1. Tell me which residues, restricted to the range 72-130, are among the charged types (D, E, K, R) and within 16 Å of the ligand (Cβ to nearest atom).
2. Could you tell me which residue of the range 21-38 is farthest from ARG179 (Cα to Cα), considering only residues that are more than 11 Å from the ligand (Cβ to nearest atom) and either among the hydrophobic types (A, V, I, L, M, F, W, C) or not in a loop (DSSP other than H, G, I, E, B) (or both)?
3. Only one of ILE51, ILE33 is more than 30 Å from HIS225 (Cα to Cα) and touching a Ser or Thr at 6+ places or on another chain (Cβ under 8 Å). Can you tell me which?
4. Of the residues that make up the range 1-13, is at least one in a strand (DSSP E or B) and near the ligand (Cβ under 8 Å from one of its atoms)?
5. Go through the range 154-179 and give me each residue that's over 19 Å from SER136 (Cα atoms) and surrounded by fewer than 20 Cβ atoms within 10 Å (Cβ to Cβ).
6. Which count do you get for residues in the range 42-90 that are within 27 Å of VAL110 (Cβ to Cβ) and either at pLDDT below 90 or in contact with a Gly (Cβ under 9 Å, 6 or more places away or on another chain) (or both)?
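The values are calculated or read from the model by the stated rules, or taken from the named source; none is laboratory data. Given the structure is predicted, the values throughout are model-derived calculations rather than measurements. Cβ placement follows ideal geometry from the backbone for every residue including glycine, while neighbour counts extend to all protein chains displayed.
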Amino acid sequence: MLEVTNLRAGYGAINVLWDVSLTVGQGQLTTIIGPNGAGKTTLLRAIMGLIPIGQGQVTLEGKVLNGMPTWEISKVSMAMIPEGRMIFRAMSIEENLIVGAFAPQHRARVKDNLERAYTMFPRLRERRRQLAGSLSGGEAQMLAMARGLMSEPKLLIIDEPSLGLAPVVVNELFEILARLKAEGRTIILVEQNTERAVGVADHVYLMQGGKVILSQKASEVALDHLHDLYFAR
Ligand code: ATP
């Protein structure tokens with residue numbers, strides 16, 4: 001569904017990504033793992049048009065995305081749930097969700113999509129009138145994911161959802177990721193929680209120093225080998 005080919009991108013004169021290629025299959029959960037500074041978030045930003053592409057190509061279902069502004073990329077149906085969640089703390093949970101359905105074609109289906117979000121995340125239903133600022137870290141992450149789904153994206157990109165969450169909440173989060181996958185959604189998951197990410201994924205990419213140094217089916221990944229590669233410099 002998404003093809004990234006020989007991508008180079010960075011910030012101004014500083015290049016961060018070096019010939020990165022990856023393929024995300026329809027209905028698959030693809031995880032991108034790697035240490036701090038490996039370039040994972042930079043790759044997501046380049047895919048979403050948030051930074052310019054220096055070289056290479058990004059296509060979604062054959063359509064070239066290079067040079068498209070982010071709002072147009074969102075319209076061709078990708079949603080990114082950024083690291084840090086970026087919810088509107090002074091708005092209610094329901095208002096946050098409605099903001100997720102910003103495009104005219106989604107507004108007509110707000111009611112159905114709200115219902116779907118509340119079925120997937122029952123705690124958000126209970127608290128729908130509360131201010132988003134009152135949510136715990138785990139609940140805020142659920143809200144950010146539910147808001148991303150309000151635009152019915154073909155591809156959902158989630159950046160480090162487990163960051164800063166307590167272990168029990170991380171368990172809940174990975175259960176939700178498994179459910180989204182079981183629904184047939186196409187997902188890119190960036191994570192530092194390697195073992196959990198590999199456990200839920202179909203395909204694994206390991207990045208280091210702005211390059212993909214391993215691409216493997218999740219079922220074939222040997223965690224020990226991954227660990228060695230992860231920490232090798
Ligand atoms: P993390 O897990 O820490 O988010 P990451 O793999 O997502 O790591 P990136 O955030 O993509 O890594 O960072 C890759 C490199 O790009 C790092 O060397 C970082 O310092 C640099 N970088 C990130 N953002 C910027 C920016 N806005 N301007 C300049 N350099 C940046």
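1. Once the filter is applied, which keeps residues that are among the charged types (D, E, K, R) and within 16 Å of the ligand (Cβ to nearest atom), the range 72-130 yields GLU83, ARG85.
2. Here the residue is SER21.
3. ILE51
4. Yes; the residues of the range 1-13 include at least one that is in a strand (DSSP E or B) and near the ligand (Cβ under 8 Å from one of its atoms).
5. Hits for the range 154-179 are LYS154, ALA178, ARG179.
6. Count: 25.
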